[in-house]
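The values are calculated or read from the model by the stated rules, or taken from the named source; none is laboratory data. This one's a predicted model, so the numbers in the text were calculated from it and none came from an experiment. So basically every Cβ, Gly included, is an ideal-geometry build from the backbone, and we count neighbours across all protein chains shown. Ligands, DNA and RNA are stripped out before the accessible areas are found, and what is left, the full protein with its side chains, is counted by its heavy atoms. Shrake-Rupley method; radii C 1.70, N 1.55, O 1.52, S 1.80 Å.
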Amino acid sequence: QVNLVESGGGLVQPGGSLYLSCEASGDIAILSDMGWYRQAPGKQRELVAIVDSAGRTTTADFVKGRFAISRDDAKDTVDLQIDKMKPEDSGVYYCYAVRRGLTYWGTGILVTVSS
């Protein structure tokens, strides 16, 4: 079992920044992918960014120039820096991890971009 706990969400004004962090615990040896998805109200969950065990990243098109993902295997964390935030970035952000072909999700953390 892999447990994922997100932190750092909240309310931010348009143009502002937010730093999300996710810490993994439990049976976390040999985690392959770690990353973030998000889900806006009334929409499907979508990929934000993923980092594999070799450090390669996969990112959504909307990420470019505004989001940065980082993974620290020594601390078992995967973090997401979001800059120049837009109202359409609002939603629940979920931490994601894969171990031995099984997918694990955090409970999600709410991000609201509003003035």
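Quick rundown of the values:
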quantity	calculated
Top-ranked residue in the range 70-91 [being crowded, with 18+ Cβ neighbours inside 10 Å, among the charged types (D, E, K, R) and in a strand (DSSP E or B); ranked as modelled with the highest pLDDT]	ASP79
Evaluation of TRP36 against (1) open to solvent by 20 Å² or more (accessible area, probe 1.4 Å); (2) farther than 20 Å from GLN1 by Cβ; (3) aromatic (Phe, Trp, Tyr); (4) within 12 Å of the chain's Cα centre (by Cα) (one fails), failing number	(1)
Single residue of the range 92-103 satisfying the filter (more than 17 Å from TYR19 (Cα to Cα) and out of contact with any Leu (no Cβ under 6 Å at 6 or more places or on another chain)) that is surrounded by the most Cβ atoms within 10 Å (Cβ to Cβ)	VAL98
Test: PRO41 is open to solvent by 40 Å² or more (accessible area, probe 1.4 Å), in contact with a helix residue (DSSP H, G or I) (Cβ under 9 Å, 6 or more places away or on another chain) and assigned to a loop (DSSP other than H, G, I, E, B)	no
Qualifying residue in the range 49-57 (condition: in contact with a strand residue (DSSP E or B) (Cβ under 8 Å, 6 or more places away or on another chain), over 19 Å from SER7 (Cα atoms) and assigned to a strand (DSSP E or B))	yes
